[in-house]
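Chemist: Below: one structure in structure tokens.
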Amino acid sequence: MNKKISILLLLVLILFNMVGCIKKQVEGEIQLQIPNEEKQESDMVEPNVEERYKDNIKEKVDEMTLDEKIGQMVLVGFEGYTVNDATRRLIEDYHVGGFILFERNIRDVEQLVDLLNELKNINTVNKMPLFISTDEEGGRVSRMPKEFKKLPPNKTIGDINNGDFSFEIGSIIGEELKGLGLNMDFAPVLDINSNPNNPVIGSRSFGDNIEIVTKLGIRTMEGIASEGIIPVIKHFPGHGDTSVDSHLDLPCINNDLERLQDLEFVPFKEAIDNGADVVMVAHILFSQLDGENPASLSKTIITDILRDHMEFDGVVITDDMTMGAIVDNYGMGEAAVKSIVAGTDIVLICHQYENQISAINAIKTAVKDGTISEERIDESVYRILSLKDQYKLDDGPVQSIDVKKINERIDNTLNKYIK
């Protein structure tokens, strides 16, 4: 009897151990499968997050009126050190997307901070924050208040040919602009100075060497962006081989597509591949690409080449539409409409309230009569709002800026790299 009980107990223990082994094996299989299941869930979450982000921007676009959308597509300049009635109307009645500041708007640091804070305060009536921009390249194209020490031109930086120096200069520019309350810089210049008789680029370029212009331009772009300032690469497709200043007249370049791809396009394509957010398009007639329209009004150049061929999905902005190349050949409203039809997202109108209102009204009329679809407007506004969201723009006031600290940084940087 005891022997039978012992055998039964032994069988029970054997069965128990077998069950335990099977359980461990099953659990092991489940444990091995868990990472795969988690990975699958993770793979499913990421697109959903991205889709939710896209839906959030789209909801903002859908909630806007046509007037608000068109306003986002216009960036304007104005006269004086303070906000006047016309400037206030551009914000309150026309919902403009942003402003550009020139020397005519900048007396000193204190005045500039007060001016920008006032612009932002007025804009609280609108749903979207303002682009507050300027041309700060260093060298002869500088808008910074007189309290700041001067930065060298790109030509000097190109002669030194040090990527870290370029990044540091871009970062200093970004720190200056951020401290004053700006958030966009029309820089760096990516034009290759291939024509020594060029009347407009010259020392604004890093030089005539493709590799140097590309490398230093991208590093400067990255330096500006590192401070939360939106860099704008310019002047696409390339202003370096012109013999006419587009501020005064319409330059014409006869180079074919193969030459442009081998030279002028290179810095822009590389910058786009390295994350460029905004491209400024020049007022230049590239006769072998589009014999009728300057680049800023050309669907061939903006949509076919820049968007499709070079795969740029960011914001496209024109050079100033009140330059001689445009105003001597087109009406302001006509030019603004042609540019948007060509694929532009923002038209830049630096001078005269009448020009700005004319462009806004012409764009609205073009939507009403079907020349521009509202879907086309929505595409641009989506890109604009995405950019503002990406850089976390807001209309909060700036309290103060430490000019002394920035000037010390400029001195230290120049002493380090310029012997």
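The values are calculated or read from the model by the stated rules, or taken from the named source; none is laboratory data. All values derive from a computational prediction rather than experimental measurement. Virtual Cβ from ideal backbone geometry, glycine too; neighbours counted across all protein chains shown. To get the accessible areas, we keep the full protein, side chains included, count just its heavy atoms, and leave off ligands, DNA and RNA. Shrake-Rupley method; radii C 1.70, N 1.55, O 1.52, S 1.80 Å.
Chemist: Test of the criteria: in segment 246-312, which GluC sites (Glu not before Pro) are in a DSSP loop and have at most 12 other Cβ atoms within 10 angstrom of their Cβ?
Modeler: Listed in order of number, the matching sites are Glu292, Glu311.
Chemist: Could I ask something else about it? Calculate the FRET efficiency for Asn121 and Thr303 from the Cβ-Cβ distance with a Förster distance of 41 Å, rounded to the nearest 0.05.
Modeler: Here the calculated transfer efficiency is 0.60.
Chemist: Taking the Cβ of Asn209 as the centre, find all other residues whose Cβ is under 11 Å away and add up their charges (Lys, Arg: +1; Asp, Glu: -1).
Modeler: -2
Chemist: While we're on this one: Per residue, how much accessible area does segment 311-394 have with a 1.4 Å probe, in Å²?
Modeler: 38
Chemist: GluC sites (Glu not before Pro) within segment 130-162: which are DSSP loop residues with at most 15 other Cβ atoms inside 10 Å?
Modeler: When the GluC sites (Glu not before Pro) of segment 130-162 are filtered for loop state and at most 15 Cβ neighbours within 10 Å, Glu147 remain.
Chemist: For segment 137-182, report the accessible area per residue in Å² (1.4 Å probe, heavy atoms, rounded to an integer).
Modeler: Normalised by residue count, the accessible surface of segment 137-182 is 36 Å².
Chemist: What residues qualify as long-range amide H neighbours of Ile253, i.e. H under 5 Å apart, gap of 5 or more or another chain, H built at 1.01 Å from N?
Modeler: Leu285, Phe286, Ser287
Chemist: Mind grabbing the accessible area of Met280 for me, 1.4 Å probe, Å², rounded to tens?
Modeler: Approximately 0 Å² for this residue.
Chemist: Highest first, please rank the peptides 227-237, 109-119, 363-373 by the mean number of other Cβ atoms sitting within 10 Å of their residues.
Modeler: 227-237, 109-119, 363-373
Chemist: Another question, if that's okay. Give the aspartates and glutamates reachable from Lys388 as a straight Cα distance under 12 Å; neighbours fewer than 8 places away on the same chain don't count.
Modeler: Hits, sequence-local ones excluded: Asp277.
Chemist: First compute the accessible area of segment 304-404 with a 1.4 Å probe, then give the percent of it belonging to carbon and sulfur atoms.
Modeler: Here carbon and sulfur together make up 45 percent of the probe-accessible area.
Chemist: Using a 1.4 Å probe over the heavy atoms of the protein chains, calculate the carbon and sulfur portion of the accessible area of segment 75-114 as a whole percent.
Modeler: Using a 1.4 Å probe with all protein chains present, segment 75-114 comes out at 41 percent carbon and sulfur.
Chemist: Between rounded, prolate and oblate, where does segment 262-395 land on the alpha carbon gyration tensor, with a ≥ b ≥ c its root eigenvalues, rounded for a/c under 1.5, else prolate if a/b exceeds b/c?
Modeler: Oblate.
Chemist: Taking +1 at the Cβ of each Lys and Arg and -1 at the Cβ of each Asp and Glu, which of Pro153, Val113, Ile100 sits farthest along the dipole of segment 48-157 towards its positive end, judged by Cα position relative to the Cα centre?
Modeler: Pro153
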